[in-house]
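Q: Right, I'll just put the structure down here and ask away after.
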Amino acid sequence: MKLKERVTVGSTVPANVTFEPLPSTIVTENPRLKGYSYFSSDSGTYIVDSGSRRVIATID
């Protein structure tokens, strides 16, 4: 996916971006991430709060 806007922690993701649930292995290793989602774009992979659509972290 290619985004027009720059994505940073704290930014709001556009409504046309679809999120996926985080894999259970990630949530098991990091229980504080339970309930969050993620998406990938050309610029990286991002963990988001799907309710507010805000980026909470990036994955390298």
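Q: Could you look through segment 31-60, keep only residues that are exposed (fewer than 11 other Cβ atoms within 10 Å of the Cβ) and of a type in the set (D, E), and pick out the one that is nearest to K2 (Cα to Cα)?
A: For segment 31-60, the residue satisfying everything is D42.
Q: Those residues that are under 15 Å from I59 (Cβ atoms) and either in a helix (DSSP H, G or I) or not aromatic (F, W, Y) (or both), I need them from segment 31-48; list them, please.
A: Those that are under 15 Å from I59 (Cβ atoms) and either in a helix (DSSP H, G or I) or not aromatic (F, W, Y) (or both): R32, L33, S37, S40, S41, D42, S43, G44, T45, I47, V48.
Q: Then there's this: Out of the residues in segment 1-30 that are surrounded by 14 or more Cβ atoms within 10 Å (Cβ to Cβ), assigned to a loop (DSSP other than H, G, I, E, B) and modelled with pLDDT of 90 or more, which is nearest to the chain's Cα centre (by Cα)?
A: Ranking the candidates gives F19 first.
The values are calculated or read from the model by the stated rules, or taken from the named source; none is laboratory data. Computed from a prediction, not measured in an experiment: that's the story for all the values here. Methodologically, a virtual Cβ is constructed for each residue, glycine included, from the backbone with ideal geometry; neighbour enumeration extends over all protein chains shown.
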